[in-house]
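The values are calculated or read from the model by the stated rules, or taken from the named source; none is laboratory data. Quick caveat, the model's predicted, so the values are computed rather than measured. Cβ placement follows ideal geometry from the backbone for every residue including glycine, while neighbour counts extend to all protein chains displayed. Accessible surface is based on the protein model in full, side chains and every heavy atom, while ligands, DNA and RNA are left aside. Shrake-Rupley method; radii C 1.70, N 1.55, O 1.52, S 1.80 Å.
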Amino acid sequence: MNNSLRRQLLAWVLLPLVCAVALDAWLSHESAADTALVVQDRLLLGSARMIAEPISFEDGSFQQQIPPAALELFQSKEADRVFYRVTTGAGQLLSGYTDMPAPTAPVSGESPYFFDASMRDEAVRVVVFLQPVIGSPTSKPVTVEVAQTTRARRQLTNKLWMQAMRQQLLILVLAAVFILFGLHQGLRPLLRLRDDVRLRKEGSLQRLSTHQIPAELKPMVDAFNDYMERLENYTHLRSMFIENAAHQLRTPLAVLNVQISDVQRAPDKASADLALHAARKTLLQTTRLVNQFLTLSSVEAALADTVAMSRHACCDIVQQVLEDMAPQAHRKQIDLGFERSGSDCVIACNPAALREIAINLIDNAIRYTPAAGVVTVSIQASQTHMSLVVEDNGPGVAPGHSEKIFQRFYRVAGTDSEGSGLGLAIVKELASQCGGTVTVGSPASGKSGFVIRVAFAAESI
């Protein structure tokens, strides 16, 4: 049931309809029972009037004759039994059965009184009718009582109810047929969409047509088309990434091949060692480039799991990165410093992501800072934010290139850095995954240099 939209819609439409038919069936039975009761009451009253009409008082006694028609009114397919009793106002029995059931309430006036009772182990319906008699020695009227068993009434009730039920079931069946037809017609646009998607070739990113699409399906089609557009953009970026990666790897591999050939053709050990040293340097650069490719790809593939990190834990991670990269700074005689300021706070970040951000920022600063330069790394915390700031006194970046430096494989013109152009792209991707923002600027002192800040929102402690 849960796998079929048509069945779910049919169930949601038919179940209330079935409940309504069930309620109507109960109401129809009650109405049929009321109708049958009215019919029986009218027959009983008619019989009582016919019995009471010929009663008279002559020659000092009551004269009575039961008309045959009074009892023939009750003839039916069901063998109902009919009982009657006629008594004077003084309580004298004129005719009928002596064991007639007594009324459940006092009877007065000319209005008939009906009640249900039991007689000789059978349920009966009884009418009590008071008939005044001219010349009667007492002022009290004659009491006529007529009772009939309820077999014919039950038969009439069932007949009326079954007739109503047949009509209701016919209406229910017709409604189900028309609903199924309506569902089939209503779901045709959805089936057309299904066929449109099925008939597409592999790799097709064509948008779905919105022509003759119902208003209820248009949001789904628009969302699908939006996803296709984003998927096309993503596929295009991945394709460009692969092309750029292949281009970036081709050059160092070609250089490495030449350097190994130089080692093989070296005339002496000193030349061979020099070529081997150059080959090792190229290999390390290529290894770092491949690692950056893998890092960037993994960042795009999945979101990093974030945990609550204190300012102290963030400082420990950055301090460890600085210790690992101290030899690289020492080779260029760069003054690599670390500062921390602000109050304690907690951010939601992934420790591995923060470490990778620090590695790429510091590595980028060391590469672009000239020899004997200064690189300062700081953790600045407040009640609302915590920032990782890396400042150097290198050549800086022109204002028009502030956004371009985050593009993959982009290098600042006029520098001799051996970077791959992926470091800041990785920083931006990782910061975005952890909910951080990246901004760039110049040193507050007004001197040349470059400042990059990665800010994370602080959580309440």
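Expressed as a rounded percentage, what relative contact order does the chain have, with Cα pairs under 8 Å and six or more residues apart?
Relative contact order for the chain comes out at 10 percent.
For the range 1-84, what is the accessible area per residue in Å² when the probe is 1.4 Å?
65 Å²
If you line up the long axis of helix 351-368 against the longest principal axis of the chain, both from Cα atoms, how many degrees apart are they, to the nearest 10?
Rounded to the nearest ten degrees, it is 30.
Specify the angular offset, from 0 to 90 degrees and rounded to the nearest 10, of the alpha carbon long axis of helix 5-52 from the longest principal axis of the alpha carbons in the chain.
10 degrees
Please list the three semi-axes, largest first and in whole Å, of the ellipsoid equivalent to the range 1-90, using sqrt of 5 times the eigenvalues of its alpha carbon gyration tensor.
Rounded to whole Å, the semi-axes are 57, 12, 8.
In terms of solvent-accessible area of protein heavy atoms at a 1.4 angstrom probe, what is the ranking of Leu208, Leu93, highest value first?
My answer, sorted largest first, is Leu93, Leu208.
To the nearest 10 degrees, how steep is helix 311-331 against the longest Cα principal axis of the chain, on a 0 to 90 scale?
30 degrees
Compute the distribution of all C-alpha to C-alpha distances in the chain, in bins of 10 Å from 0, and list the percent of pairs in each, rounded to whole numbers.
Going from the shortest bin to the longest, the percentages are 3, 13, 13, 10, 8, 7, 6, 6, 6, 6, 7, 7, 5, 2, 1, 0, 0.
Suppose every Lys and Arg Cβ carries +1 and every Asp and Glu Cβ carries -1, with no other charges. What dipole size does the chain come out with about its Cα centre, to the nearest 20 debye?
1380 debye
For the range 351-378 and the range 79-129, compute the distance between their C-alpha centroids and round to whole Å.
The range 351-378 and the range 79-129 have Cα centres separated by 112 Å.
Could you sort Arg42, Arg7 by their accessible area in this structure, using a 1.4 Å probe and putting the largest first?
Arg42, Arg7
Please give the calculated 222 nm ellipticity per residue for the chain, where each DSSP H segment of at least 4 residues contributes -39500 (n - 2.57) and the sum is spread over every residue; nearest 500 deg cm²/dmol?
Taking each H run of at least 4 residues, the total per residue is -18000 deg cm²/dmol.
In percent, what relative contact order does the range 64-174 have, based on Cα pairs under 8 Å that are 6 or more apart in sequence?
26 percent
Of the chain, which part is the longest with no GluC sites (Glu not before Pro) in a loop (DSSP not H, G, I, E, B) and with at most 14 other C-beta atoms within 10 angstrom?
217-402
Can you return the lysines within cross-link range of Lys269? Criterion is Cα-Cα under 22 Å, with same-chain partners fewer than 8 residues away left out.
Lys281
Please give every one of the aspartates and glutamates within straight-line cross-link reach of Lys332, meaning a C-alpha to C-alpha distance under 19 Å, and leave out same-chain neighbours fewer than 8 residues apart.
In chain and number order, the partners are Glu323, Asp324, Asp363, Glu391, Asp392, Asp416, Glu418.
Could you name the lysines whose alpha carbon sits less than 30 Å from that of Lys77, not counting residues in the same chain fewer than 8 places away?
Once the sequence-local lysines are set aside, what remains near Lys77 is Lys159.
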